[in-house]
Structure formats: structure tokens, C-alpha cells
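To keep things clear, I will list the structure first and then write my remarks on it.
The values are calculated or read from the model by the stated rules, or taken from the named source; none is laboratory data. Not measured: the values here are computed from a predicted model. When we count neighbours, we look across all protein chains shown, and the Cβ atoms used for this are built from the backbone with ideal geometry, even at glycine. Accessible surface is based on the protein model in full, side chains and every heavy atom, while ligands, DNA and RNA are left aside. Shrake-Rupley method; radii C 1.70, N 1.55, O 1.52, S 1.80 Å.
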Amino acid sequence: MFTGIVARMGTVVHVEPRGEAARITVSGLDPSAVGLGDSIAVDGVCLTAAAFNDDGFVADLLPETRKRTSLGDLTEGRRVNLETAAKPTTALGGHLMQGHVDGVGNVVSRTPGPAWDDVVVAVPSGLTRYVVEKGSIALDGVSLTVVSVTADEVTVSLIPETLSRTTWGERQIGAAVNVEVDVLAKYVERLLVHREGQQP
């Protein structure tokens, strides 16, 4: 589990294609903070630390991960948001996240404000039913508060802290964005469907 409070930004040092899969090396995490087999969220995608070297940690991208997330288009030199898995003692400053991306959206507009940026993200069809105004959504692994939601778009406001500590300071119009909605909303929907005797 993760909370969407990004620990730091990292950099993709190496991308090694392996057929439809790939192996990546990412710098930016203190090696003493993670171990082999630990879960690390990279732009909101839960990956497993498979190895460590002088450049950083190594993780494998399976074909499913490459197809369903923006990590399929990773290039060397790209900066990414990093978060280590939550522990029982972790302060839940964001919201509970699994690192299981629901779809890839796109930045539609970005409007600078006096001390923040308003960003509109188009999300894949069907996901906004799990999003509520003033609720939380994970965009590229960052827990953000929803300002408004329409049938296919979500608006969030990015405070200076978010702009300086995450890749949201760099994301431009057209950028692909990993979207994870609140898993609790999906569980509630599933339970209600079963209670009403509908097919799952």
C-alpha cells in the first residue's frame, strides 16, 4: 500500500527492452531505505525492487504493466515520482493507494494561479464514477484533492509544495498520466452489485 505522499523524484537511468517486457534502472532512492523484493511506486505504479547497482534500483516491467500504464513509454533521463511502501506507522497524509493503475489519462489544460496551478486531466471512460468533488485521486502517484469532476475530466489544484517535490512541476499539456481511483469506491460498487443480485 501507498499514500500518495511522494518521497522524492528519481531519474530513469537505463531502459533495457526484453521483448514485450523491459527492465529499468531508477536513481533517486536511498538504498538503505529499501531492500530486495520491496515495493516501490514509480509514477504511481507498484514495482518490485529486483536488484540494486551503483545507479539505483532495478525493476521489471511486465507486458501488462507496459500496456496499462505510462511506464510503457519510459525513456532514459525521464524524471519520475518515487514512494516506498507504507508501514503500519506511516502517517496517512494522502489516501490509501495500491499502485494498481486504473488507466492512463492526459493533461488537457494547465492554468497558473497566484500560488498554485489548476490542472485538468482527461481520464479513461468509466473512471469518473469513482471520483467525487473534494475526494482524492492519485495522478502519477501523487494523492491530490479533486476540485471538480465531469463525465470524463478531473480538475485538481497543485500547491507550491507539490510543484516543487513532484514531477507535476514539469508535466505539460498532452502528457500521459497514470490514474488510480479510490479502491474503496470500487469495493462498495462491487458489494452493492452483489447485494442487488446483479451479475458482477
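For segment 1-115, would you read off the P(r) tail past 25 Å as a percentage of all alpha carbon pairs? Each step should come with its number before you reach the end.
Numbers: 1469 of 6555 pairs.
Summing the P(r) of segment 1-115 above 25 Å gives 22 percent of all pairs.
Within segment 128-176, report the GluC sites (Glu not before Pro) that DSSP leaves as loop and that have at most 15 other Cβ atoms within 10 Å.
Of the GluC sites (Glu not before Pro), the ones in loops of segment 128-176 whose Cβ has at most 15 other Cβ atoms within 10 Å are 133, 170.
Please report the spacing between the Cα centers of segment 148-200 and segment 23-61 in Å, no decimals.
24 Å
Can you run the Rg to Rh ratio on the chain? Use alpha carbon positions and the Kirkwood inverse-distance Rh.
The Rg/Rh ratio comes out at 0.97.
Hey, can you grab everything whose amide H is under 5 Å from the amide H of residue 23? Only 5+ residues off in sequence or another chain; H modelled, so Pro and N-termini drop out.
Here the answer is 16, 18, 61, since their amide H atoms fall under 5 Å of that of residue 23.
Largest first, please: the extent of the C-alpha atoms of segment 106-200 along each principal axis, to the nearest Å.
The principal-axis extents, from largest down, are 50, 22, 18 Å.
What residues of segment 164-178 lie in the reach of a label at residue 147, counting those whose backbone N is under 17 Å from a point 7 Å from the Cα along Cα→Cβ?
Only 164, 168-174 fall inside the zone, counting backbone N under 17 Å.
Working out 0.36 nm times the residue gap between residue 111 and residue 62, then minus their Cα-Cα distance, what length gain in nm do you get to one decimal?
Details: separation 49, 0.36 × 49 = 17.64 nm, distance 3.56 nm.
Gain in length upon complete extension: 14.1 nm.
Keeping every protein chain present and rolling a 1.4 Å probe, give me the accessible area per residue for segment 46-200 in Å².
With the other protein chains kept in place, segment 46-200 gives 53 Å² per residue.
Summing -39500 (n - 2.57) over the DSSP H runs of n ≥ 4 in the chain and dividing by its residue number, what mean residue ellipticity at 222 nm do you reach, to the nearest 500 deg cm²/dmol?
Mean residue ellipticity at 222 nm (helix-derived): -3500 deg cm²/dmol.
Quick one: putting +1 on the C-beta of Lys and Arg, -1 on the C-beta of Asp and Glu, what dipole do you get for the chain around its Cα centre, in Debye to the nearest 20? Walk me through the numbers on the way to the answer.
Working: 17 positive and 25 negative charges, 53 e Å.
Here the size comes out at about 260 debye.
Placing +1 on the Cβ of each Lys and Arg and -1 on the Cβ of each Asp and Glu in the chain, which of 107, 125, 142 has its Cα farthest towards the positive end of the resulting dipole?
The residue sitting most towards the positive pole is 125.
Hey, what do the phi angles of segment 104-110 turn into as Karplus ³J(HN,Hα) couplings, whole Hz, using 6.51/-1.76/1.60 and θ = phi - 60°, x for Gly and Pro?
Residue by residue, segment 104-110 yields 10, x, 9, 6, 8, 8, 9 Hz.
I'd like the accessible area for residue 111: 1.4 Å probe, protein heavy atoms, all chains in place, Å² to the nearest 10.
For residue 111, the solvent-accessible surface is approximately 80 Å².
What does the charge add up to near residue 157, with Lys and Arg as +1, Asp and Glu as -1, over the other residues with Cβ less than 10 Å from its Cβ?
Values: positive: none; negative: 117, 118.
Every neighbour counted, the sum reads -2.
Output the relative contact order of segment 96-200, whole-number percent, from Cα pairs under 8 angstrom with separation of 6+ residues.
33 percent
Note down the relative contact order for the chain as a percent, whole number, built from C-alpha pairs under 8 angstrom at least six residues apart.
Computed value for the chain: 23 percent relative contact order.
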